[in-house]
1. Would you tally the residues in the stretch 279-300 being of a type outside the set (D, E, K, R) and either in contact with a strand residue (DSSP E or B) (Cβ under 7 Å, 6 or more places away or on another chain) or without any contact (Cβ under 8 Å) to a residue 24 or more places away in the chain (or both)?
2. Within the stretch 79-95, does at least one residue satisfy the condition of being closer than 23 Å to Thr244 by Cβ and assigned to a loop (DSSP other than H, G, I, E, B)?
3. Can you spot a residue in the stretch 163-179 that is at pLDDT 95 or above, over 30 Å from Asp118 (Cα atoms) and open to solvent by 20 Å² or more (accessible area, probe 1.4 Å)?
4. In a helix (DSSP H, G or I) and either more than 22 Å from the chain's Cα centre (by Cα) or surrounded by fewer than 21 Cβ atoms within 10 Å (Cβ to Cβ) (or both): is that true of Lys185 in this structure?
5. Evaluate the following for Ile242: is it farther than 30 Å from Glu190 by Cα, of a type in the set (Val, Ile, Thr), surrounded by 16 or more Cβ atoms within 10 Å (Cβ to Cβ) and modelled with pLDDT of 95 or more?
6. Would you mind stating whether Val156 is part of a strand (DSSP E or B), at pLDDT 95 or above and closer than 30 Å to Arg220 by Cα?
7. Got a sec? Which of Gly293, Gly285, Gly337 is under 20 Å from Ala369 (Cα atoms) and of a type outside the set (Asp, Glu)?
8. What residue, of Arg111, Arg20, Arg101, is of a type in the set (Lys, Arg), assigned to a strand (DSSP E or B) and open to solvent by 10 Å² or more (accessible area, probe 1.4 Å)?
Amino acid sequence: MFRLSEYMHQLVKPTPPRQRRGPVKPVVIWNLTRRCNLKCRHCYTVSADVDFPGELSTEKVFEVLDDLGQMRLPGLILSGGEPMSRKDFFEIAEHSRGKARMLALSTNGTRIFGEAADRVAEIGFHYVGISIDGIGATNDWFRGKEGAFAEALRGVRECKARGIKVGLRFTLTEGNHQTLPDILKLCEDEGVDKFYLSHLVYAGRGDKNRGEDALHARSRHAMDILIDRAWQGVSGGTPLDIVTGNNDADAGYFLRWVRENFDAAQEAHLREHLVAWGGNSSGLGVANIDFLGRVHPDTYWSDYTVGNVKDAPFSEIWAGDDPMLATLRTRPRPLKGRCGACKLQDVCGGNTRIRALQLTGDPWAEDPACYLSGDEIGVTDTDRLETTPFRGKRHDPVHDFT
């Protein structure tokens, strides 16, 4: 995750880069269930509104939570599917308190109202992230349910009414890139605390629909919009915590903006911070437990399992000698192609490896969604991998519901 607003603050009130001491402890994203009341086009778990066999029992979930609590994790994110689809969700959420420094809920927001919203507030989540992928019918088309936008917006308002820190999460594609300014306006109008832009990752339905990935020019334009908004936020405008995910080239693009608008000392200072961050953290600073208890390097590596919490504690699995985890934790990683030759490797960490794996079968090949030019990363672009724009009949997200 690239914390744009945090690094933008370094241009206004610089601080020394953080130094890592000891082993890196991961933020654990736990897909508690695969059940979901929506059918999102980019869903990485291919969830549906049915019961899937093999989910962990409440007792086993509690056992795993106790193990996680012993690790003193920086963060625990309860996710899905739609995590609130589990009948024992609130029991799990209550048991999760105090198991990590930050407890978050990742949800589509449609179930947060009335008594359920009261329970969410009582539990004391540090943050609730609600997914919205456009305004009105655009969102409803992406999420497979008419009325999903109104229900999610209701969830945002119910959280704000109870003093819960809430954010909007938006996945950028060719079908909704034009709505980004409206989403940011929505954040301002509703008093949203945080905005998270996710680039498309080729996993689950997101892999099936990868032809709808945003063109490189769209990604650059989206970053221009976010950088402008983040600068407003740190220079006297309405604050909004802006982060991006799943394309660590965003950090390199931001560094380019700093180079063009600030002096060399400020650029060098910011680069120090970005190198200390290190870019993509799959298998190192991020871990995933899926609904069956399988442990993965992150939420998108569903085809690669490190172990299962039904068989061993998560703490033992994560500290084991799995070869893929060992290689993901290597710096520099054994990257190939333009990623291997890139002068920004120490900033982005090689970007999102799963896209390379899905397109080439090699997790160390270049990331096709890197939108930086050869000149910007110090390589000659020849035979470059690039995502192919969707060429078939495109649905009209407005007229699909008329």
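The values are calculated or read from the model by the stated rules, or taken from the named source; none is laboratory data. All of these numbers come straight from a predicted model, not from anything done at the bench. Cβ coordinates were reconstructed from backbone atoms using ideal geometry, including for glycine residues, and neighbour counts include every protein chain displayed. The protein model used for the area step is the full one, side chains on, heavy atoms only, and it has no ligands, DNA or RNA in it. Shrake-Rupley method; radii C 1.70, N 1.55, O 1.52, S 1.80 Å.
1. Our first condition is that a residue be of a type outside the set (D, E, K, R); within the stretch 279-300, this holds for 279-289, 291-293, 295-297, 299-300.
Retained after the next criterion (residues that are either in contact with a strand residue (DSSP E or B) (Cβ under 7 Å, 6 or more places away or on another chain) or without any contact (Cβ under 8 Å) to a residue 24 or more places away in the chain (or both)): 285-289, 291, 293, 295-297, 299.
Adding up the residues that qualify gives 11.
2. Scanning the stretch 79-95, I find at least one residue that is closer than 23 Å to Thr244 by Cβ and assigned to a loop (DSSP other than H, G, I, E, B), so the answer is yes.
3. Within the stretch 163-179 (the criterion being at pLDDT 95 or above, over 30 Å from Asp118 (Cα atoms) and open to solvent by 20 Å² or more (accessible area, probe 1.4 Å)), the answer is no, since none of the residues qualifies.
4. Numbers: in a helix (DSSP H, G or I): yes; either more than 22 Å from the chain's Cα centre (by Cα) or surrounded by fewer than 21 Cβ atoms within 10 Å (Cβ to Cβ) (or both): yes.
Yes: the conditions hold for Lys185.
5. Details: farther than 30 Å from Glu190 by Cα: no; of a type in the set (Val, Ile, Thr): yes; surrounded by 16 or more Cβ atoms within 10 Å (Cβ to Cβ): yes; modelled with pLDDT of 95 or more: yes.
Taking the combined requirement at face value, the residue does not satisfy it.
6. Against the criterion (part of a strand (DSSP E or B), at pLDDT 95 or above and closer than 30 Å to Arg220 by Cα), Val156 does not qualify.
7. Gly337
8. Working: Arg111 fails: assigned to a strand (DSSP E or B); Arg20 fails: assigned to a strand (DSSP E or B).
The unique qualifying residue is Arg101.
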